[in-house]
1. In nm, what is the difference between 0.36 nm times the number of residues separating Met307 and Lys447 and their Cα-Cα distance?
2. At 1.4 Å probe size, with every protein chain present, just tell me what the per residue accessible area of segment 75-152 comes to in Å².
3. Which of the peptides 379-387, 242-250, 394-402 is most tightly packed, and how do the rest follow, judged by the mean count of other Cβ atoms within 10 Å per residue?
4. Simple spin-label model, 7 Å along Cα-to-Cβ: Leu40 to Ile76 in nm?
5. Taking the Cα centre as origin and putting +1 on Lys and Arg beta-carbons and -1 on Asp and Glu beta-carbons, what dipole magnitude results for segment 178-309, to the nearest 20 debye?
6. For segment 221-267, what class follows from the C-alpha gyration tensor (a ≥ b ≥ c being the square roots of its eigenvalues): rounded when a/c is under 1.5, otherwise prolate if a/b is larger than b/c, else oblate?
7. Counting each DSSP H run of 4 or more residues in the chain as -39500 (n - 2.57), what helix-only mean residue ellipticity at 222 nm follows after dividing by all residues, to the nearest 500 deg cm²/dmol?
8. Hey, can you grab everything whose amide H is under 5 Å from the amide H of Gly114? Only 5+ residues off in sequence or another chain; H modelled, so Pro and N-termini drop out.
Amino acid sequence: MNDKNTISVMNSEKGYQSIDDQNMTERLAAHVANYGNIQLDKGLVHQVKRTCLDYVCAAITGANTEVSRLVYEYLIESEGRGTTNIIGYQSGLLKGNAAFLNGTSAHCLDMDDGHTGGSVHPGTVVFPVVFAIAQHVKPTFDELAKAIVIGYDVCLRISSAIHPSSRQRGFHNTPVAGIFGAVAAASVLYGLKKEEVQNAFGIAGSFAGGIFAFLGTGSEVKRIHPGQAARDGISAVELTRKGLSGPKDVLEGENGLFQAFADGKVSVERMFKDIGEKYEIMNIYFKPYPCCRHLHSSIDAVYELKMNAQIQPLDIAEIRIGVNKIAYLHRHKNCQTLLDAQMSLPYAIASAIYHPVLEVNHFQPEQTKETISRLAQLVEVYVDEEADQHYPAQRAARLEIKLKNSKTLTCYVENPLGEPSKPLSDEKLEMKFIANCSSIIGEERAKSIVQSIKNLEEYMETLYSI
């Protein structure tokens, strides 16, 4: 067991070392409190708008799902209506509940943005908090943008520090690290000082949680994880404003977050690298496919092979996919629900072989038992040494498709489409929004929202009435 105030910290060259704590919670709180120093250059403003568009896309489509509707009904029945608007619904909710529902909706169809280094979905936590609070405090565009930038930054720095240790212990980084991003964003909008942010972090540590027990079970509880973190982040900040105290060393202290969720094995280097100079929101990915990000390199490999060869499903004898140890956990083949399929490597590969473009309806097992589900049984998932060695800096996949005529097709993908190194263009993000949202809100309305977000400085109020 680690001594008090000592944790195992990863050094990029020497592996894990035991060193004294470095007041990490205080340093991160100071970073939040200094949000006024952020220079909102064109690149940051542009990325804020891109993340906003992608979040709203995920929330509109997710609000049209059964999970979102049942959460909405529960919140109305248990706590009543409120004055905070929710995306996709006519009646408002109480502030924290609105954040809970918006965060849930945005995660319902696995279309939300993410970060490979931290294996986390920041937009589904940060934006629900910003939208909920902004309706009441009426921030300027600069204040709104800085809250988003800082919320992403804190979420991604903490998740990068604890990953992959936290995931290997069965924890879901989106609610575990996401709540701290929620606290950071709320702290900016409420104007908290360093000591208050530090205290709110301390309270948030007692709310942090979320486990991967849902994987391969068909359980939908994963969908509420970002909403839970968004709601609880607001609570942590508002309880701080009321005077409730929290531990000031909640990250690094004995029994703190790093010990509880990552067994003390964290990377301080990843958490504090270029802090205050560069912002992690610039390093996120946007999803082209509505499924778990760990599946995307494999899907890209299928499409790359299909560009150069005609692949008929009935001609396939065997499929092997080599991935890192975390992606290997997604090897289940028997999928009974949408979530099962969206989290399954075999199912995703089979779907990509059958379809030229992947859509949500392609991950419906009850509709594909005689086609995709059968092909998925041919997929063997294994840990590829090279892919595992480079994770999480890369999310690689090595695909081999052996045909019945003994010919073997191979492809190695280092990173999937949508990463900063292989970005989705503005045009493709807008196409994603219009393609997914037009059937729900109409094409004219969808195009109008795209234009409003592109000119967000002038149309902030439209965010609160979608």
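1. Details: separation 140, 0.36 × 140 = 50.40 nm, distance 3.13 nm.
So the extension gain works out to 47.3 nm.
2. For segment 75-152, the per-residue accessible area is 25 Å².
3. The packing order, highest mean first, is 394-402, 379-387, 242-250.
4. Placing both labels 7 Å beyond Cα along the Cβ direction yields 3.5 nm.
5. 340 debye
6. oblate
7. Rounded to the nearest 500, it is -15000 deg cm²/dmol.
8. Tyr285
The values are calculated or read from the model by the stated rules, or taken from the named source; none is laboratory data. Nothing here was measured: the structure is a model prediction, and the numbers come from that model. Glycine also receives a Cβ, built like all others from the backbone with ideal geometry; neighbour counts cover every protein chain displayed. These accessible areas exclude ligands, DNA and RNA; they are computed on the full protein's heavy atoms, side chains included. Shrake-Rupley method; radii C 1.70, N 1.55, O 1.52, S 1.80 Å.
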